[in-house]
Number of protein chains: 2
Amino acid sequence: MSGPPANPKRSRRRSGAVTLHDVARLAEVAPITASRALNTPDRVSPEVLQRVTDAVRRTGYVPNLLAGGLASTRSRLVAAVVPTIAGPVFLQTIQSLTAALEAQGYQLMLGQTGYVDSREDALLEAIIGRRPDGIVLTGIMHSAHGRQRLLAAGIPVVETWDLTPTPIDMLVGFSHVEVGRAVAAFLHGRGRRRLAVMAGDDERSARRHGAFRQAAVALGLPEPALVTVPAPTTLGSGRAALQQLLAADASVDAVFCSSDLLALGVLTEAQARGLAVPAQLAVMGFGDLEFAADLHPGLTTVRIDSHAIGRQAARFIVERAEGRPVAERVVDLGFSIVERGSA
Amino acid sequence: MSGPPANPKRSRRRSGAVTLHDVARLAEVAPITASRALNTPDRVSPEVLQRVTDAVRRTGYVPNLLAGGLASTRSRLVAAVVPTIAGPVFLQTIQSLTAALEAQGYQLMLGQTGYVDSREDALLEAIIGRRPDGIVLTGIMHSAHGRQRLLAAGIPVVETWDLTPTPIDMLVGFSHVEVGRAVAAFLHGRGRRRLAVMAGDDERSARRHGAFRQAAVALGLPEPALVTVPAPTTLGSGRAALQQLLAADASVDAVFCSSDLLALGVLTEAQARGLAVPAQLAVMGFGDLEFAADLHPGLTTVRIDSHAIGRQAARFIVERAEGRPVAERVVDLGFSIVERGSA
DNA sequence: CTGAAAGCGCTAACAA
DNA sequence: TTGTTAGCGCTTTCAG
């Protein structure tokens, strides 16, 4: 339909796609005017705007954002880094982040480190190479070297799902230490006395159960038992961990799991061996994933507003990219304990 | 540490980052030679390679892939489009796709249509604008107009999770019709006579249960009951759907769910109301997600190798991008029925 | 409000 | 094997 390259002048390849020049020629304006019509339509006369709009429609022009990004040093690309997208917790954050960014004309690039720190550096390099307008770090422990590069690249960074005292740049999360304490207090308040923790082997989880165990002891309870499972946590590892836990000490009357999926595993195993929840064993999860409310019994868990984290991260980055200074660079979204049947 | 722009010549901004020119100057070679050293190291003398490598290390140079992509018309970017990443099924495909691409130096851009067709066009535009080396379409129904644009843009496309007779370009999936038939035959073979279907309201799911119901009738069974739930399917919708199903017809003795999550909902509801699985009700899922095997009872389900789909899609696109022609453009990965306790 | 010139940082074409 | 030159397609300066 559209004319293929016909001019046998000489030299380079040309991708063959319609360019802004083609549009401009058709609209009988200079390329820069066509550019303005598309990017800042209110700085162009209505008539010109109309002509350009028509030309775009007629040619099926799609702006080359690579070229635009190169020229303007604004890529409208945002990178997100997660250990694995398959883990239960970060998914909603990524979902909302993507959606919020798309609504503003930004795209998300996804990177997975796979819980292997060495991948992190390579990934970071690939990401920086794209000159994204921002990077969202989710649930990862970044090396000092990685922080360096990020800082050096001058790319806005949002760390999420945590509240570190020394953020690289911006931060949206909540206190894992507070979560641990609150859960210990909650279970103690419900009359539970022999607590246990089942936790993924990541750093954040460690901080939660560290605080949990400390708080339990401070409340006069015996040191809670601890079972660690490899991250990402699964239903299967929850079942196995409960077996292990009960084999070591059958008197446990409450388990705090580091994810709802783990808790579902505990629920499943309890059911399989006829252990009554919550009568004999109270079970608490973490995350308040979608399924938590509909389990039987309903899962008592720590609610984290994963979507809000994603949205706030998007807001942070877009603000920065548009040149608006971000007043408050740290947002604590908090958490809450949702009491349902399992505890 | 590194020198900021000092030359007060005139004109443009310069991003401030280290460029290939800086590296080349330091290594005392021409920029193009430095480029070769980085991209095709074997076409450069060992000595030059060494000098360039050193210069890169000393400057902390990170290639600008926007510029590279613009010049070479190869962005090393691949776009994936899913309805929502939060749905249970596509996650593993995306995970493997990302991982496989990263291993080859490609990055993934994620786009969500949110089950709204109008979003699809806007998203497509944003994607095409990045000039990706490929697009992976997962679980979406693309409009004729969308197909047009994709074709016109000349970007390699891989459709996944399906086997359409008229692929846009490349295809990796399996037959949903075959799945429906196989499940009907399986349940019939296990002596089930009053079948039911619980399905998300997406097109693919409809094809599965269409074939399922047809096959059931062909086997001499009564027309299976059908309960439709909105996509994406959840545990909660599974519970609700079972209630609905039993209210309409309590004699049902087998349910085929259009996702494992839905099946988990059915299992949960059955347990809550003391309905014995599989004795009174056989439950089958779809997907064989990670948790399926560890449920109690274990979930009998249709196994789809979601990871393999992602890997094959990556292979397709990389082959194309590297200019190697793809011989077989359609791959049927098939499926299998995994028999566990629930049916 | 519109345009001419210059160049973002890189690599494909030729040469040498 | 290395270099020269000319752009990829867009947007920023700086003028009108």
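Within region B:165-181, does at least one residue satisfy the condition of being closer than 30 Å to B:Gly220 by Cβ, basic (Lys, Arg) and more than 15 Å from the chain's Cα centre (by Cα)? Looking for residues that are closer than 30 Å to B:Gly220 by Cβ, basic (Lys, Arg) and more than 15 Å from the chain's Cα centre (by Cα), one finds at least one in region B:165-181, hence yes. Can you find a residue that is within 21 Å of A:Leu108 (Cβ to Cβ) and touching an Asp or Glu at 6+ places or on another chain (Cβ under 6 Å) anywhere in region B:123-137? Yes, because at least one residue in region B:123-137 is within 21 Å of A:Leu108 (Cβ to Cβ) and touching an Asp or Glu at 6+ places or on another chain (Cβ under 6 Å).
Looking at region B:81-176, the strands (runs of 3 or more DSSP E) lying wholly inside it that each contain 3 or more residues that are among the aliphatic types (A, V, I, L, M) and at pLDDT 85 or above sit at B:107-112, B:134-138, B:170-173. Please enumerate the residues belonging to region A:294-343 that are among the hydroxyl-bearing types (Ser, Thr, Tyr) and out of contact with any Gly (no Cβ under 9 Å at 6 or more places or on another chain). Listed by number, the list holds a single entry, A:Ser336. Quick check on region B:44-65: of everything there that is among the aliphatic types (A, V, I, L, M), within 14 Å of chain A (Cβ to nearest Cβ) and closer than 13 Å to B:His21 by Cα, which residue is nearest to DNA strand D (Cβ to nearest atom)? The qualifying residue nearest to DNA strand D (Cβ to nearest atom) is B:Val56. Screening A:Ser251 against (1) surrounded by fewer than 21 Cβ atoms within 10 Å (Cβ to Cβ); (2) without any contact (Cβ under 8 Å) to a residue 40 or more places away in the chain leaves a single unmet condition, (2). Within region A:167-196, which residues are among the charged types (D, E, K, R) and under 22 Å from A:Gln92 (Cβ atoms)? Within region A:167-196, A:Glu178 is the sole residue that qualifies.
Counting only residues that are within 8 Å of chain A (Cβ to nearest Cβ), surrounded by fewer than 15 Cβ atoms within 10 Å (Cβ to Cβ) and of a type in the set (D, E, K, R), region B:96-152 holds 1 of them. The residues of region B:13-61 that are more than 7 Å from DNA strand C (Cβ to nearest atom), of a type in the set (Gly, Ala, Ser) and either surrounded by 18 or more Cβ atoms within 10 Å (Cβ to Cβ) or more than 40 Å from the chain's Cα centre (by Cα) (or both), listed by number, are B:Ala24, B:Ala27, B:Ala30, B:Ala34, B:Ala37, B:Ser45, B:Ala55.
Would you confirm whether any residue within region A:307-320 is farther than 18 Å from A:Ser175 by Cβ and touching a Lys or Arg at 6+ places or on another chain (Cβ under 6 Å)? So far as region A:307-320 goes, no, none of its residues is farther than 18 Å from A:Ser175 by Cβ and touching a Lys or Arg at 6+ places or on another chain (Cβ under 6 Å).
One line per residue, one yes/no per condition, for (1) within 16 Å of DNA strand D (Cβ to nearest atom); (2) not acidic (Asp, Glu):
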site	(1), (2)
B:Asp42	yes, no
B:Ala67	yes, yes
B:Ala79	no, yes
B:Thr84	no, yes
B:Ile94	no, yes
B:Leu97	no, yes
B:Gln104	no, yes
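The values are calculated or read from the model by the stated rules, or taken from the named source; none is laboratory data. Because the structure is a prediction, the values reported are computed rather than measured. In this analysis, Cβ positions are derived from the backbone assuming ideal geometry, glycine residues included, and neighbour counts consider all displayed protein chains.
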